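Structure record follows, encoded as C-alpha cells.
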Amino acid sequence: METRVAVIAIIVENTESVATVNGILHDYAKHIIGRMGLPYRDRKINIISVVVDAPHDEISALSGKIGRLPGVSAKAVYSQ
C-alpha cells in the first residue's frame, strides 16, 4: 500500500485529554517518524507536531481519533 508523509498538528486545551492523546499516538507508533511537543504555559495549552509516513487512511484515522477528544484539535497536512 502506498504511503504518504504528513504532519499532524495537535493543540490540547484540556489537560485531562493528554493521556488519551499519548495513548493514541502510541498505538500508531510504527508510522511516526518524529514528534515535537511544546507546552505553552502562558496559554495553558500544549502544541504537538507529529510527522508520519503512513497510508492515507491511517493518517486520517489518527487525526480523526485525536481531534474527537474533548478540548483537542487536530489537522493533517499531506505531502504530494
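The values are calculated or read from the model by the stated rules, or taken from the named source; none is laboratory data. Computed from a predicted model, the values in this text were never measured in an experiment. Please note: Cβ atoms are built from the backbone with ideal geometry, for glycine as well, and neighbour counts cover all protein chains shown. Accessible surface is based on the protein model in full, side chains and every heavy atom, while ligands, DNA and RNA are left aside. Shrake-Rupley method; radii C 1.70, N 1.55, O 1.52, S 1.80 Å.
Observations
- Among residues of segment 63-78 that are modelled with pLDDT under 95, none has a beta-carbon under 7 Å from a residue that is of a type in the set (Lys, Arg) and open to solvent by 60 Å² or more (accessible area, probe 1.4 Å) at least six positions away or on a different chain.
- Residues within segment 64-76 that are of a type in the set (A, V, I, L, M, F, W, C) and open to solvent by 20 Å² or more (accessible area, probe 1.4 Å), tallied: 2
- Residues within segment 7-37 that are over 9 Å from the mean Cα position of the chain (by Cα), touching a residue at least 24 places away in the same chain (Cβ under 8 Å) and buried (at least 16 other Cβ atoms within 10 Å of the Cβ), tallied: 6
- Members of segment 62-80 found to be among the hydrophobic types (A, V, I, L, M, F, W, C) and closer than 18 Å to Val18 by Cα, listed by number: Leu62, Ile66, Leu69, Val72, Ala74
- Residues in segment 40-63 that are open to solvent by 70 Å² or more (accessible area, probe 1.4 Å) and either touching a strand residue (DSSP E or B) at 6+ places or on another chain (Cβ under 9 Å) or assigned to a strand (DSSP E or B) (or both): 3 in all.
- Some residue of segment 12-34 being β-branched (Val, Ile, Thr), touching a Leu at 6+ places or on another chain (Cβ under 9 Å) and outside any helix (DSSP H, G or I): yes
- Condition check for Arg43: under 15 Å from Gly71 (Cβ atoms) and at pLDDT 95 or above: yes
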